[in-house]
Amino acid sequence: MSAPDSSFLAPPAGSQVRAVHDEFHGDLLEVSMGPHHPSTHGVFRMIVTLDGETIVKLKPVFGYLHRNHEKLGENTSYLASMPYTDRLDYLNSMTNNWAYALAVERLAGLAVPARAEYLRVILAELTRLLNHSCLAGFLLQDCGCSGTPLMYAFREREKILDLFESLSGSRMMCNFQRFGGCRVDPSADWLAGVQQLTDGYGAFLDEFEALLTGNEIFMARTQGVGRLAAPLAISAGVTGPVLRASGVAHDLRKVDGYGAYPQFDFRVPLGDHGDTYDRYMVRILEMRESIQILRQALARLPDGPIMDPKAKLRGFRPKAGEAYGRIEGPKGEIGFYLISDGSPNPYRYRVRPPSFINLTILEDLCLGHTVADAVIILGSVDIVLGEVDR
Amino acid sequence: METVEQIRDRLLARFPGATVEVRSNPSPSGQHSLLLGAATAREIAQFLRDDPALRLDQCSNVTGVDWPEKEVVETTKTTVPDPAGGPAKVVEQKSRRLEPGCLEVVYHLYSIALRHGPLVLRLRTGNRTDQVTLPSLTPVWRACEFQEREVFDLFGVRFEGHPDLRRILMWDGFQDHPMRRDYVEPDDYEWEPTPHGAVLAKAKRHYPAPAPAAKP
């Protein structure tokens, strides 16, 4: 056999064409990933400077969904902001509602009945299951595991959303919490549905983990990628599972002990290396703890009212002052800072968005890795652009 | 955690000449704050982070508050004796005073190591127009990086010593600061295919109708 003819690869005689690798040798290349890149989970842009395929600089650009949520909050009454908080992190409307209700309760000094506190815990833990399942699905999707894990996660998410819909009337924009309690009391059927979901969720996690957690390709893609050291994580204000994956024992459910959480027995999973795999693993383990909390809450749900009888919804005017309330949302510490001047609208309404602040360390995580790794690092930080841009 | 008064006393002993005032909060939340002078704010922040009794290692929340100029009406009562020897008259005098406005930056500090907080710090600019520079606390807590950029973007506070002070939510060419109380939104940003009501009124203001043509 004769050697294959490769003469067509050679540049035409006398031309100035050079091979590409000669042309760009040693140069840095700036690539704009997004705002319509499918891996960025929304309209998010990363300006990445590359040396070969290695990232040497990364600047996140966002604000494409900015609607000045805080100004809207200052121009409406306290209660009218409640449905707006659903739209911040549209996966976790229940915890957004709770954080806002908690801040207003601190501001006005309202008490919450025991049944409402338990309902809040049940709904927050369902939200955590929903968020972490979706995150695991999206992360696997980002790794190139197209479709299947995400659809498995969405199947479970749909069951939780059905419960939310039957309770609050809306799948994602629940608008459920009120200052001093909750909006509707669930029926016995609904509680039985939650019990059924709780009993079945462990089996789903087992199945999910059997397919993915020990998967060699997944481990090769994520272990050692995007390491976050604990001192940097604390200094940068990183919260939630991303902080705990770096080995910092900081969970507001334990630290602040808000709501009914001190009455439950659960553990806080911590990571060891702070890499992408640990961030995945911490979330899986957190879901298992959430199931434990749900079991206890359903078994011990007290009877009684779901609203503080002194709470006033219409014409609500807290006295002048300010308050900052925070809870452990699925993505991290979500807080609301309110200043009241005694009028029906807050003078200042500020959202402390966890995914916005967690993005501070995105560049540090990605430096030295490849573009393909930047995609999964962003996936493991877990952002929702509705909350980043506000 | 120590009370704000105790922290203030310790700070004043450690930093003689610094301005540290306690701002009390009448709300049931009881989160009182410390108002710091801009000159020593960064050293004080560093001290709060490193002090073994406080160790406020997490700066959770950074935000701005706009306090525009406001007119304060003060009523003073003076007693004027009656020259004729009758009962003294009480004369009320109303005086109007313009209280200067400022931009305020609020920091909520917590300690992850010692599990306490919040300590609320406040910094104030000189006014709302030309003296809007404050020291950046990003060198002390990295968490301030994006949040101070947001305060710069939406309130117009300039942070001295910030590594990358650019707009973050609005686009780079944008001029105003939308979170200020006196911000007026442009009247042509809303577009509707079939405009009605408020949108139509706005559009009329922005694109005034041409003058009627003179009759031939």
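The values are calculated or read from the model by the stated rules, or taken from the named source; none is laboratory data. Everything numeric in this text was worked out from a predicted model, so none of it was measured. FYI the Cβ positions are ideal-geometry reconstructions off the backbone, even for glycines, and counts take in every protein chain you see.
So which residues in region A:96-114 are over 21 Å from residue A:348 (Cα atoms) and of a type in the set (Val, Ile, Thr), if there are any at all?
If the condition is that a residue be over 21 Å from residue A:348 (Cα atoms) and of a type in the set (Val, Ile, Thr), then A:112 is the only one that fits.
Within the bounds of region B:137-157, is there any residue that is within 30 Å of residue A:333 (Cα to Cα), at the interface with chain A (Cβ under 10 Å from one of its Cβ atoms), surrounded by fewer than 18 Cβ atoms within 10 Å (Cβ to Cβ) and not acidic (Asp, Glu)?
Within region B:137-157 (the criterion being within 30 Å of residue A:333 (Cα to Cα), at the interface with chain A (Cβ under 10 Å from one of its Cβ atoms), surrounded by fewer than 18 Cβ atoms within 10 Å (Cβ to Cβ) and not acidic (Asp, Glu)), the answer is no, since none of the residues qualifies.
With respect to residue A:263, determine if the residue is farther than 24 Å from residue B:110 by Cβ, at pLDDT 90 or above and not aliphatic (A, V, I, L, M).
Spelling it out, it is not the case that residue A:263 is farther than 24 Å from residue B:110 by Cβ, at pLDDT 90 or above and not aliphatic (A, V, I, L, M).
Determine which member of the set B:103, B:121 is surrounded by 10 or more Cβ atoms within 10 Å (Cβ to Cβ), at pLDDT 90 or above, touching a helix residue (DSSP H, G or I) at 6+ places or on another chain (Cβ under 8 Å) and closer than 30 Å to residue A:246 by Cβ.
Result of the check over B:103, B:121: B:121.
Can you name the number of the only condition in (1) among the hydroxyl-bearing types (Ser, Thr, Tyr); (2) under 26 Å from residue A:350 (Cα atoms); (3) surrounded by fewer than 18 Cβ atoms within 10 Å (Cβ to Cβ) that residue A:49 fails?
Against the list (1) among the hydroxyl-bearing types (Ser, Thr, Tyr); (2) under 26 Å from residue A:350 (Cα atoms); (3) surrounded by fewer than 18 Cβ atoms within 10 Å (Cβ to Cβ), residue A:49 comes up short only on (2).
Taking the criterion of being among the aliphatic types (A, V, I, L, M), modelled with pLDDT of 90 or more and more than 21 Å from residue A:264 (Cα to Cα), would at least one residue in region A:326-333 satisfy it?
No: region A:326-333 contains no residue that is among the aliphatic types (A, V, I, L, M), modelled with pLDDT of 90 or more and more than 21 Å from residue A:264 (Cα to Cα).
Can you tell me which of (1) assigned to a helix (DSSP H, G or I); (2) surrounded by 19 or more Cβ atoms within 10 Å (Cβ to Cβ); (3) in contact (Cβ under 8 Å) with a residue 60 or more places away in the chain is the one residue A:258 doesn't meet?
For residue A:258, the exception is condition (1).
What residue, of B:97, B:128, B:122, is touching a residue at least 12 places away in the same chain (Cβ under 8 Å), in the same structural domain as residue B:23 (by TED's automatic domain parsing) and more than 30 Å from residue A:257 (Cα to Cα)?
B:128
What are the residue pairs meeting all of these: first residue in region A:25-44, first residue part of a strand (DSSP E or B), second residue of a type in the set (Gly, Ala, Ser) and surrounded by 17 or more Cβ atoms within 10 Å (Cβ to Cβ), Cβ atoms under 8 Å, and 6 or more apart or on different chains?
From region A:25-44, the pairs are A:33/A:39; A:33/A:374.
Can you tell me which residues in region A:110-134 are more than 16 Å from residue A:294 (Cα to Cα) and in contact with a Pro (Cβ under 8 Å, 6 or more places away or on another chain)?
Passing the criteria: only A:113.
Could you list, in sequence order, the residues of region A:61-90 that are buried (at least 22 other Cβ atoms within 10 Å of the Cβ) and among the hydrophobic types (A, V, I, L, M, F, W, C)?
The answer is A:62, A:82, A:88.
Could you please find all residues in region B:83-105 being of a type in the set (A, V, I, L, M) and not in a strand (DSSP E or B)?
Residues satisfying the conditions are B:84, B:88.
Identify all residues within region A:176-200 that are under 15 Å from residue A:126 (Cα atoms) and part of a loop (DSSP other than H, G, I, E, B); write none if there are none.
Within region A:176-200, A:176, A:186 qualify.
Identify the single condition in (1) away from chain A (no Cβ under 14 Å); (2) over 19 Å from residue A:236 (Cα atoms) that residue B:47 does not satisfy, given that it satisfies every other one.
Failing condition for residue B:47: (2).
Among what's in region A:131-175 and is within 17 Å of residue A:330 (Cα to Cα) and without any contact (Cβ under 8 Å) to a residue 40 or more places away in the chain, pick the residue that is surrounded by the most Cβ atoms within 10 Å (Cβ to Cβ).
Checked region A:131-175; the qualifying residue surrounded by the most Cβ atoms within 10 Å (Cβ to Cβ) is A:137.
Among the residues of region A:295-346 satisfying the criterion of being in contact (Cβ under 8 Å) with a residue 40 or more places away in the chain and hydroxyl-bearing (Ser, Thr, Tyr), which is farthest from residue B:107 (Cα to Cα)?
The selected residue is A:340.
Out of the residues in region A:346-390 that are among the polar types (S, T, N, Q) and more than 13 Å from chain B (Cβ to nearest Cβ), which is nearest to residue A:323 (Cα to Cα)?
The residue in question is A:380.
Using the structure shown, decide if residue B:34 is part of a strand (DSSP E or B) and either outside the structural domain of residue B:132 (by TED's automatic domain parsing) or over 26 Å from the mean Cα position of the chain (by Cα) (or both).
Taking the combined requirement at face value, the residue does not satisfy it.
Could you list, in sequence order, the residues of region A:85-127 that are β-branched (Val, Ile, Thr), in contact with a helix residue (DSSP H, G or I) (Cβ under 7 Å, 6 or more places away or on another chain) and in a helix (DSSP H, G or I)?
Within region A:85-127, A:85, A:95, A:121, A:122, A:127 qualify.
Being assigned to a loop (DSSP other than H, G, I, E, B) and closer than 16 Å to residue B:119 by Cβ is the filter here; which residues of region B:19-31 pass it?
Within region B:19-31, B:24, B:25, B:29, B:30, B:31 qualify.
Could you count how many residues in region B:46-92 are closer than 22 Å to residue B:155 by Cα and surrounded by 12 or more Cβ atoms within 10 Å (Cβ to Cβ)?
11
For the subset of region A:304-322 comprising residues that are crowded, with 19+ Cβ neighbours inside 10 Å and farther than 11 Å from residue A:110 by Cβ, which member is nearest to the other protein chains (Cβ to nearest Cβ)?
Only one residue tops the list, namely A:321.
Evaluate region B:100-110: report whether one residue or more is under 30 Å from residue A:248 (Cβ atoms) and either without any contact (Cβ under 8 Å) to a residue 40 or more places away in the chain or of a type in the set (Gly, Ala, Ser) (or both).
There is no residue in region B:100-110 that is under 30 Å from residue A:248 (Cβ atoms) and either without any contact (Cβ under 8 Å) to a residue 40 or more places away in the chain or of a type in the set (Gly, Ala, Ser) (or both).
Which residues, taken from region A:226-251, are more than 10 Å from chain B (Cβ to nearest Cβ) and either assigned to a helix (DSSP H, G or I) or crowded, with 23+ Cβ neighbours inside 10 Å (or both)?
Matches in region A:226-251: A:226, A:228, A:240, A:241, A:242, A:244, A:245, A:246, A:251.
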